[in-house]
1. What is the number of the single condition among (1) open to solvent by 60 Å² or more (accessible area, probe 1.4 Å); (2) over 22 Å from PHE447 (Cβ atoms); (3) assigned to a strand (DSSP E or B) that THR628 does not meet?
2. In the same structural domain as LYS64 (by the TED database), touching a helix residue (DSSP H, G or I) at 6+ places or on another chain (Cβ under 7 Å), of a type outside the set (Phe, Trp, Tyr) and not in a helix (DSSP H, G or I): is that true of ARG115 in this structure?
3. Considering the stretch 272-304 alone, what residues qualify as being open to solvent by less than 40 Å² (accessible area, probe 1.4 Å) and modelled with pLDDT of 90 or more?
4. List pairs: first in the stretch 40-57 and in the same structural domain as CYS107 (by the TED database), second outside any loop (DSSP other than H, G, I, E, B) and of a type in the set (Ser, Thr, Tyr), Cβ under 6 Å, 6+ apart or cross-chain?
5. Output the qualifying pairs, or none if there are none: Cβ atoms under 8 angstrom, residues six or more apart or on different chains, first residue in the stretch 375-391 and assigned by the TED database to the domain that holds GLU363 and open to solvent by 70 Å² or more (accessible area, probe 1.4 Å), second residue small (Gly, Ala, Ser) and in a strand (DSSP E or B).
6. Quickly run through the stretch 704-731 and pick out the residues that are assigned to a loop (DSSP other than H, G, I, E, B), out of contact with any Lys or Arg (no Cβ under 7 Å at 6 or more places or on another chain), surrounded by 14 or more Cβ atoms within 10 Å (Cβ to Cβ) and of a type outside the set (S, T, N, Q).
7. Contact list please: Cβ distance under 9 Å, first residue in the stretch 93-107 and under 26 Å from PHE150 (Cα atoms), second residue open to solvent by 60 Å² or more (accessible area, probe 1.4 Å) and in a helix (DSSP H, G or I), pairs at least six apart or on different chains.
8. Every residue in the stretch 123-149 that is under 14 Å from ARG194 (Cα atoms) and touching a Lys or Arg at 6+ places or on another chain (Cβ under 6 Å), please.
Amino acid sequence: MALYTVFPTVFLLALLSLSTYQSKVLSKPLPLTPESLKVSINSAHQCLHLQWMVHSLAYHQELKMVFQIQISRFTTSNVIWTESYSTTVKGNQVLRWSWESELPLECATHFVRVRSMVDDARIPEPKFWSNWSRWEEADAQNSLGQDLLFLFPKDKLVEEGSDVTICYTSRNPQHNISCYLEGAQIHGKQLDPRVSAFELKNVSFIRRTGTNIFCEDPGVAMKGTVLFVSKILEEPKDFSCETQDFKNLNCTWDPGSDTALPKQPSQSYTLFESFSGKKILCEHRNFCNWQVAQDSQEMYNFTLVAENYLRKRSVNILFNLTHRVHPMIPYNLFFKNISATNATVTWKVHSAGNDSTLLCQLELFGEGKVIQQQNVSVKVNGEYLFNELEPDTKYVAQVRCAYADHFWKWSEPISQKFNTPEAAPSEALDVWRNVRLVSGHPTVNLFWKPLSKSHANGKILFYKVFVENLDNPSGLEDLSIPAPANSTELPLDRGSYQIHVTAHNSVGASPASVIVISGDSENREVEEGRVNGTEDGFSMSWKPQARDTVGYIVEWCDRPQDLPCDPQWKNVGPNTTSTVISSDTFRPGVRYNFRIYGISTDWTAHLLERKTGYVEELAPSDNPRVVTSNLTSHSFTLSWKDYSTESQPGFIQGYYLYLKSKAGEQCLPGFKKTGLLTGDSVCCKHRIDDPEQKTFVVENLQPESIYEFLVTPYTSAGEGPLGAFTKVTTPDEYSHILIRILLPMIFCVLLIMIVCYLKSQWLKEKCYPDIPDPYKSSVLSVIKSKENPHLTIMNVNDCVPDAIEVLNKPEGSKKQFVDARKSLTEAEFTKPTYLYLLPTEKNYPGSGPCICFENFTYNQAASGSGSCGPFPVTPQVPPGQPGPLTSPGNLLKALEKNYMSSLGEIPAGEASLNYVSQLASPMSGDKDNLPTNPPEPALCSEYKMQMAIPLGLASPPPSEKSRLSSPTFLDQGEHHR
C-alpha cells in the first residue's frame with residue numbers, strides 16, 4: 001500500500017522536473033541552423049530535390065519553423081529564386097523540398113543554401129534567422145560527355161499552351177550557332193559565353209510525332225531535339241450511369257480529346273464507388289460496366305478519374321438505382337387488320353424486374369412527319385389501333401418504352417413500315433373551261449386540277465368526260481382521257497352543253513364535277529379595273545351577286561407573255577367577295593389580267609369583272625418611236641400612235657417631252673428647264689398627263705432653227721431611258737408659200753410632159769409631117785400612065801430649074817384660105833419677080849414640061865394660088881446685066897448662103913418660097929436619050945415641095961414689067977431671047 005503511494009509521488013516529481021527543464025530551454029532562443037543539406041538532380045522533370053536536418057533540436061522536441069531557400073545560377077551571387085517553406089519540425093527529422101526549373105538543368109550550374117527561423121508561439125520574441133548553410137552545388141554538365149554542342153531538354157513532354165525554355169551549351173566560346181523551330185530560325189538570349197536560351201510561348205500542337213527543334217554550328221556540330229506537345233486533358237463530360245435489368249450499371253461519359261502521344265499513352269479512367277469502397281480501372285475511354293451488388297444497395301456515389309502523364313481530372317455523380325432504369329428495346333412489332341383507313345399494331349417488351357410496368361410511346365410517321373402519337377402502359381405485350389389513316393399511303397410505326405415508376409430515359413425505338421390499300425377518290429375535280437370560236441364554231445378547252453394525294457386515294461388511271469347537249473338530250477358524248485392529262489379540247493355546235501368530269505383509280509370514280517357551257521355566256525363585256533399587287537400577291541374584291549350564285553372563280557395566266565397560256569383559276573365560296581391571288585411565278589414588271597366569274601345554280605359561269613395589275617411596277621424599258629409631221633417655220637407635230645401601253649412593265653401614266661434648242665433661248669410655254677447636261681443647248685421638259693394622248697404639237701418655234709426632241713413614257717416607278725434625241729430643222733417663213741406655188745406648177749409640167757410623150761406620134765404628124773418620097777407619089781404614076789411611061793423622078797443634081805419665084809407675104813395679109821386649091825380672095829399680094837433659069841444644054845429647044853411642087857406647110861399663101869408659075873427669086877443683078885450661073889449647084893449654094901445671112905433680118909412668117917422644077921427626063925441623068933420630038937408642055941402637075949427658101953432672100957418686089965424683063969443667064973454663051 002505504501003508502494004502505491006510513493007510511485008505517483010515520484011512520477012509527478014519527474015514530470016515537474018522535465019517541465020521545468022523544457023521551460024528553461026524554450027525560454028532561450030536557440031540557433032537551429034539547417035545541416036546536412038543535400039541536392040539531387042532530376043533531369044527528366046527538370047527538378048532539384050533538397051533534403052536537410054536540424055541537429056540542434058532535441059529528439060523529443062517539436063517546433064514550428066520557417067526555412068528560407070535560395071537558389072543561384074552560374075555563380076552564388078546570381079540569386080534567381082528565394083522561397084520560404086513552413087513546416088513542423090521534430091528532432092532528427094529529414095526535411096525535403098523540390099524546385100522545378102524553367103531552364104534545363106544541364107545548361108547551367110545551380111547553387112542552393114538554406115536558413116531557418118523558429119516560428120512557434122512558445123518561443124518569446126524577438127525572432128531571428130539562423131545562419132545560412134553553406135552553398136551546395138548542383139551541376140548536371142559533368143555527365144554530358146565530350147561533344148562540342150548540346151541541346152536541352154531532350155524529348156520534353158508538355159501540354160498545349162505551355163511556355164517552354166530551350167537552351168544549348170557549347171564547348172567552344174567562339175561560336176556562330178543558329179537554332180530553328182520547324183525550319184524557322186529562332187533567336188534567344190545569351191546567358192553565358194557558352195550558353196544561350198530560347199523562350200517558346202504558348203506552344204501549339206502540330207503533330208503527334210512532336211515538334212522538331214535543332215541547332216547547328218556550321219562546319220562543327222549540329223544537335224536536335226523533339227518537343228512533344230500533348231492535348232490538354234479534359235474533364236469527362238456527360239458522366240451518367242443507368243441499368244436495364246438491375247444487375248449491371250453502365251456508366252458512360254464523353255472523354256474529349258485524346259492526349260495519346262508516342263511518348264505518352266492515352267489517358268486512363270478509374271471508377272471509384274465511395275459507399276462500397278470498390279475501385280475498377282476502366283478498359284474503354286468512354287464507358288465502364290459496374291456489377292450491381294446483391295445486397296440491394298440503392299444509393300451509389302461514383303467518382304470518375306481521368307489521368308495522363310501530366311495531370312488528373314475527376315467528376316462525381318450520386319444517384320438512386322431505381323431512378324436510373326433504361327429499358328431494353330421492344331421486340332416483335334407486327335401489324336394486323338390493315339384497311340384503307342385503319343391498322344392494328346402489336347409488340348412485346350422485356351421485363352424490368354419486380355413485376356414493374358413500362359410506359360410505351362407509339363408514333364405514326366407519314367411523309368417524314370409524326371401524324372399520330374399515343375402512350376400505352378405495358379407489362380409484357382402491347383397492342384394499339386391506328387385509325388383515320390389515308391388510303392394508298394406509306395406509314396412507319398415506332399415504339400419505345402420507359403420505366404413507368406420513375407421515368408429516366410426512353411428505350412431505343414423499334415419501327416416497322418406498312419401501306420394502306422387504295423380507295424375510290426373522295427373529292428370532285430376542280431374544273432374550269434375556256435371557250436373560243438374556231439371557224440365560227442365554239443371550241444371548249446376543258447381544264448382540271450389533279451387531285452391531291454389525300455383525295456385521290458390511289459393512283460388515278462384515267463378521266464371521264466361526259467358531254468350532254470341541253471338543247472338536244474339525245475346528243476351525248478363520253479370521252480375517256482388517260483392520266484396524267486389535265487385538259488382536253490371539245491369542238492361543239494352552237495347551243496348549251498352540260499359537262500361532267502370524273503377521276504378514276506383502280507377502286508372507283510370520284511364525285512362528278514359539273515360545268516355548263518352557255519351560248520351567250522362569253523359575250524358580256526365589262527369594264528376593266530386596276531389592282532395593286534404586293535410581294536404576297538394580288539388582293540382583290542368584287543361586288544356580291546344575287547342569291548342564286550353558288551360561288552366565284554378568279555381566272556388568270558401565270559405567264560401572260562406565253563400564247564396560248566395555260567389558265568389558272570381559284571374557287572371562292574358564295575359568301576366570300578374577296579381573295580388574295582398568289583403564285584411563285586409572279587414577276588415584277590409583268591402585267592397580269594384577272595377575270596372574275598360568278599357561278600349560278602345551273603352551273604353557268606358569267607363574267608362579272610376584269611382586273612389588271614402588276615406585282616411591282618417598273619420604269620419603261622423602251623421609248624416610243626416618234627414620227628414628225630406638219631413641219632412649218634413655227635411648229636411641228638409629234639406622233640407615236642403605234643406605241644403599245646399594255647406591253648409595258650407598268651401602267652403608263654403619261655409622257656415627258658424633252659426639247660433642246662440653241663443656247664440663249666427660253667423654254668417654250670408649258671415647258672420647264674431640266675438639269676440635263678446638254679452642252680451649249682437648253683433642254684426643256686413638258687409633261688403630258690394623259691397616257692392616251694399620243695400626239696403633240698410643238699409651237700412658238702423660230703424659223704430656220706435646229707431643235708432636238710425625245711419622248712419618254714413614265715410609270716409610278718419612273719420614266720423611260722434617256723436615249724438619243726431626234727433633230728428637226730424648221731424652214732424659213734416663205735418656204736411653204738413657194739412650195740404651194742411650185743408643187744402645182746411642177747405637177748402641171750409633169751402632166752403635160754406625160755401627155756406629150758403619150759401623144760408624140762400624133763403631134764409629129766400634125767406639126768412636123770414627114771417629107772414625102774417622090775418615088776412613092778401617086779402623081780408620078782399618073783404621069784407615067786398618061787403621057788410618058790418612061791418618065792421618072794431625077795436626082796437633085798440632075799434637075800435644072802427653069803425659074804425661081806419668091807413670094808413676099810406682107811405683115812397685113814393674114815387671111816385664112818377658103819380652099820387649099822382655090823385662089824385667095826381679097827388678099828393683097830405683091831407680085832413676085834420671076835427669075836428664068838435657062839437650061840445649060842445648047843440644043844435645048846425651049847421650055848419643056850415642068851412639075852409644080854408646093855408645100856402648104858412652108859407656104860400657105862402659095863398653096864392657095866392653085867396654079868404653078870415661074871419660080872420667083874430676088875434679082876441678083878440689075879435688069880439688062882446678065883450674071884452667069886455656072887451650074888445649078890452653084891446657084892443652090894448661093895441661095896443657101898444668102899438665106900443664112902439674111903435669116904436674122906427677115907421677120908418670121910413674112911416670106912415663103914416656092915420653086916418649080918423642070919420635068920425630069922425619062923431616065924435620071926441620061927441626057928442623050930431625050931426624045932427628038934418632045935411633047936408640048938402640059939399643065940404643071942402639083943406636087944409637094946421638096947425644098948423651101950425663105951422669102952427674105954428677095955428684094956422689094958419690082959413692078960410687073962421689070963419682073964418680065966429680068967432674065968438671069970445660066971451660061972455665058974447663051975443670050976436672052
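The values are calculated or read from the model by the stated rules, or taken from the named source; none is laboratory data. Computed from a predicted structure; not experimentally measured. Backbone-built Cβ (ideal geometry, glycine too); neighbour counts: all protein chains shown. Surface accessibility is based on the protein's heavy atoms, side chains included, excluding ligands, DNA and RNA. Shrake-Rupley method; radii C 1.70, N 1.55, O 1.52, S 1.80 Å.
1. Going through (1) open to solvent by 60 Å² or more (accessible area, probe 1.4 Å); (2) over 22 Å from PHE447 (Cβ atoms); (3) assigned to a strand (DSSP E or B) one by one, THR628 breaks only (1).
2. no
3. Listed by number, the residues that qualify are GLU273, CYS282, CYS288, TRP290, TYR300, ASN301, PHE302, THR303, LEU304.
4. If the second residue must be outside any loop (DSSP other than H, G, I, E, B) and of a type in the set (Ser, Thr, Tyr), the pairs left are CYS47/SER98; HIS49/SER40; HIS49/SER98; TRP52/SER36; MET53/SER36.
5. Once the first residue is assigned by the TED database to the domain that holds GLU363 and open to solvent by 70 Å² or more (accessible area, probe 1.4 Å) and sits in the stretch 375-391, its partners that are small (Gly, Ala, Ser) and in a strand (DSSP E or B) give LEU385/ALA343; GLU390/GLY366.
6. Selection gives ALA717, GLY720, PRO731.
7. Taking only residues 6 or more apart or on different chains, the pairs are GLU106/SER143.
8. Across the stretch 123-149, the qualifying residues are LEU148, LEU149.
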